[in-house]
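The values are calculated or read from the model by the stated rules, or taken from the named source; none is laboratory data. Everything quoted here is computed from the prediction, not taken from an experiment. As a convention, Cβ positions derive from the backbone with ideal geometry for all residues, glycine included, and neighbour counts pool all protein chains shown. Side chains are part of the model used for accessible areas, which takes the heavy atoms of the whole protein and leaves out ligands, DNA and RNA. Shrake-Rupley method; radii C 1.70, N 1.55, O 1.52, S 1.80 Å.
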Amino acid sequence: MFNIFKRKNIPKNKVLKFNITNDVEHILFHFFTEQNGVEMPLKLPLNNTDFRECAKLDGFHFYWAYELLSDEGYIESGNLLKTDLLYKLLTNPDFEEALSILELNNLLPNLTGLLKITGTPALNPNFDLQLYVDNKNLKQVAHVQYPFINQGDNRFIVSEKIFRLWQAIVKDDYEDGYEKTAIIRQLALQADIKLDDFLEREQYHLVDNYKIEPHFLNDETLQLKIVGTDEQETMHLNSMQTRSSVKQANTRERYVTPKKIIEDVQKIKRKSIFTGEEIPMLAQNPEAFYSDLAKPFNIENFSDRVIGFVKIVRPTPSVINGKRTWFDNETGETLEVDEELLRQDILEKPESKFVQHQKKWVYVDKKLKQTLGLLPENEEGKKEQYALDIMGNEDEVTYNLAKNKVTMIHEYELPSKMIANLFPHQKEGYNWICSLYEQGFSGLLADDMGLGKTIQVITFLQIQLERDKLYPTLVVLPIALIENWVNEIAKFAPELSEKIYIHKGANRIKDIECLKQKQLIFTSYDTLKIDQLLLGQIGFECIILDEAQNIKSNSSSRSRAIRAMQGKFRLAMTGTPVENSLEELWTIMDFVEPGALGSLAEFKKYYIKNEDYDGLKNSLHKYYLRRTKNEVLKDKLPQKHILKPIYVNASSLQKQLAAAMMANVHSKTSNVLNVIGSLRLLYAHPNALAEVENTEDVPPKFEAVLNLLENIGAKNEKVLIFTEFKKVQALLKRYISEKFQISVPIINGETDNRSEVVHRFNEQQGFGVMLLSPKAAGVGLTITGANHVIHYTRWWNPAVENQATDRAYRIGQEKEVFVYQIITQDTANFPEGTVEEIMHQILTDKSDLAENVIVPFDTSGVQEKVKQSIVKQHVSI
């Protein structure tokens with residue numbers, strides 16, 4: 001199945017083998033070679049020497065499967081897989097083959113069981129789980145080491161439900177015996193395990209969940225009620241006791257609840273009545289009333305039958321054919337608004353943020369009042385007091401920090417404790433940041449990928465520390481980049497390392513005063529969104545956003561939370577301020593310098609509608625800095641060669657499958673957009689398609705890659721191969737590892753130890769190959785150890801491909817960089833071009849737009865052109 005290449009120079013009688021050991025929580029892999037009955041253990045992961053030796057041996061496919069799990073971040077400490085993760089992997093088809101090779105997905109069939117209890121539940125009961133297969137006690141016919149069942153040479157695993165039951169039995173940190181009994185009994189029922197007579201008679205119920213049902217006592221009064229799954233659970237929860245019981249005939253129903261849930265119920269009961277304007281306030285911001293609950297309070301906590309106990313709408317007017325209509329700004333739904341009645345409702349409560357109108361709560365902002373003639377156009381509205389709702393500047397600039405004065409760039413001394421030699425453009429960027437800070441401006445640093453935006457900002461942070469102006473500073477970034485920043489600071493500004501606090505995880509600080517004392521706070525965009533009520537109360541000296549395109553959507557809760565933060569100085573960092581729409585740039589600038597580009601409506605009118613990119617650059621000038629490699633490193637970086645595409649002809653199997661796909665399009669049994677995705681996978685490798693039986697045929701595109709790698713390997717140089725398809729990544733890894741006897745790491749969205757993987761790859765001597773997803777690897781990685789880049793499958797936006805290429809083509813690269821594309825042709829089905837040929841031509845024609853980060857790239861337009869071309873030419877065949 002796996003041995004696709006003939007092996008050479010195989011040591012006689014030598015094979016690669018593995019076994020596993022485990023406890024309840026961990027699975028440990030052990031690899032060893034065996035020759036003439038002598039076993040030699042191997043250290044994991046294999047070093048280069050051991051890898052090359054083992055790649056020659058029968059049994060190497062075991063290591064390929066193990067390494068695939070390791071690449072995805074599932075293996076810890078070289079050989080440890082958490083058992084919980086195994087059950088997660090079983091649900092992911094991308095790992096089906098690897099788990100099958102390792103015999104980790106064979107569920108034991110026909111398994112039944114009985115659960116017995118000994119001892120008193122009130123004290124510390126013991127439980128005995130007896131499993132049976134074909135009416136035989138499992139322990140008598142197999143070796144049981146949960147989750148594994150070993151029968152002879154066969155390894156099976158028990159179902160996840162049975163394993164969860166076993167975990168609960170061996171666990172020893174229960175609050176009391178009642179909780180232990182209730183949990184284990186409940187898990188046994190879920191796993192279809194029979195109960196002994198006592199457990200059938202004494203029915204213990206763990207009540208560790210609750211729902212909240214709202215009841216309107218009248219139009220102005222709402223009461224929250226705590227409910228369980230039935231009447232008895234509801235009575236138990238509202239008694240606020242950890243234990244209660246009800247006797248019914250020959251059985252007794254016992255209920256037990258963890259103390260932390262009882263504490264939740266007590267907190268909610270202390271504030272269960274809401275009146276008037278408190279009602280929509282609760283729906284928008286429940287944490288304002290309930291904080292630090294064991295089960296965080298949000299709308300999803302309400303009963304399943306409650307779709308939303310209060311409907312909040314934000315009426316926004318639109319004029320169509322001279323007639324004003326209304327739609328909800330949140331949902332886009334058309335609203336029936338009685339303007340006169342709404343006007344009266346607002347006049348009755350002129351200071352209220354919410355009024356009831358036609359059985360809905362209407363959010364009343366300044367714009368709505370102005371539209372209804374209740375405010376003059378120039379009257380200021382009041383800032384929201386109870387929630388992090390913001391003046392969004394969409395229709396007009398209501399929050400303006402823009403300044404009329406011109407930025408003056410000055411020279412600044414470099415920090416004395418900085419361990420780095422900055423390039424001239426980096427020193428210039430540092431001076432620019434310092435000048436903005438000193439003069440009360442904020443900025444958008446949009447340098448080209450690979451020019452060292454991070455080192456420029458670290459230098460600024462270090463001088464802030466030396467001037468005692470650092471704290472509190474907030475750095476917000478994708479969670480995958482936190483490690484990279486920490487490593488860069490440790491390398492270039494070790495004194496700054498001591499000031500870092502990483503705000504993430506369940507144990508993150510929730511005390512405002514404590515956070516205010518932290519010098520340098522790192523957090524992710526999503527954690528900030530969750531903790532916006534906490535972080536929003538801190539007046540930060542500086543707020544820095546890395547990969548600021550993460551806030552590109554003006555209406556997203558992530559974007560609005562960021563823009564609600566208080567920062568004296570705000571710096572956004574991104575090499576791609578515009579990915580799809582020019583509105584993304586406006587949103588980033590509304591964080592940087594609100595009002596600098598006018599309102600969103602004005603921005604659309606003057607810049608988007610008129611495509612006035614020169615005027616936009618002029619307006620951005622004093623807040624914006626972008627340098628490209630061609631401008632500042634033309635003579636300092638080696639040359640980059642975009643080579644002519646390598647064309648290959650589709651195999652007979654690929655042609656047959658493509659014809660079948662298009663036949664389904666014509667019969668309308670398949671959607672053309674879905675088929676385009678399938679064609680991309682097909683030409684990458686037929687085995688990447690779920691519906692295709694595994695074939696050992698090597699497709700022409702794979703052969704072309706292997707030929708390229710032969711030539712690159714002869715030069716002892718390294719290669720990056722980009723494809724977004726995880727199945728294709730796994731297939732490439734398998735073929736390349738086998739043929740070249742090298743370890744092939746993968747970086748994609750699942751990889752959580754990216755920095756470590758990249759460091760090992762960069763430091764590795766000689767030939768090497770790394771597989772990457774263009775989007776996941778497009779930020780925060782420096783892989784200058786490689787100087788060859790293969791785009792195995794193309795991305796819809798050339799800017800994304802450029803970012804991927806620039807993982808290798810950046811500061812630190814000492815060799816010329818070569819960029820390849822391999823494109824499949826299929827004249828039998830697509831005489832005017834396959835999906836790969838069409839994408840390549842369109843992306844090449846538009847490649848100049850990828851260099852202009854202000855001009856948006858029309859990705860959807862590219863997809864539509866591909867669709868039209870594929871359908872048109874196939875109809876004519």
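Would you mind checking the pairs 353/518; 211/259; 403/775 and listing those with alpha carbons more than 25 angstrom apart?
On the way: 353/518 35 Å; 211/259 17 Å; 403/775 36 Å.
Correct reply: 353/518; 403/775.
Divide by every residue of the chain the summed helix terms, -39500 (n - 2.57) for each DSSP H run of at least 4, and state the resulting mean residue ellipticity at 222 nm, rounded to the nearest 500 deg cm²/dmol.
Numbers: 34 runs with 312 residues, N = 877.
Result for the chain, helices only: -10000 deg cm²/dmol.
Ranked highest first by the average count of other Cβ atoms within 10 Å around their residues, in what order do 657-663, 106-112, 521-527 fall? Don't jump to the answer; show the numbers that get you there.
On the way: 657-663: 17.9, 106-112: 13.7, 521-527: 20.6.
The densest-packed peptide leads the list: 521-527, 657-663, 106-112.
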(message) Given the options 493, 648, 40, identify the residue whose Cα lies farthest towards the positive end of the charge dipole of the chain (+1 on Cβ of Lys, Arg; -1 on Cβ of Asp, Glu).
(response) 40
(message) Can you give me the % of accessible surface on the chain that is carbon or sulfur? Probe 1.4 Å, all protein chains present, nothing else counted.
(response) 46
(request) Quick one: work out the % antiparallel among DSSP beta bridges in the chain, nearest 5. (result) 50
(message) Before I look further, what does the stretch 18-160 give for accessible area per residue, probe 1.4 Å, in whole square angstrom?
(response) 49
(request) Starting from the residue with the highest accessible area, list 589, 240 in decreasing order, probe 1.4 Å. (result) 240, 589
(request) Sequence neighbours fewer than 8 away in the same chain don't count; with that in mind, list the aspartates and glutamates whose C-alpha is under 12 Å from residue 552. (result) 579, 583, 584, 590
(request) Just read off the accessible area of residue 271 with the full protein assembly in place, 1.4 Å probe, to the nearest 10 Å². (result) 60
(message) Using each residue's phi in the stretch 716-727, evaluate 6.51 cos²θ - 1.76 cosθ + 1.60 at θ = phi - 60° and report the 3J(HN,Hα) Karplus result to the nearest Hz, with x for Gly and Pro.
(response) 6, 10, 10, 10, 10, 10, 10, 7, 7, 8, 5, 5
(request) Please list, or write none, the lysines whose alpha carbon is within less than 16 Å of the alpha carbon of residue 453, excluding same-chain residues fewer than 8 places away. (result) 427, 491, 629
(message) Can you return the lysines within cross-link range of residue 323? Criterion is Cα-Cα under 24 Å, with same-chain partners fewer than 8 residues away left out.
(response) 360, 366, 367, 369, 604, 605, 609
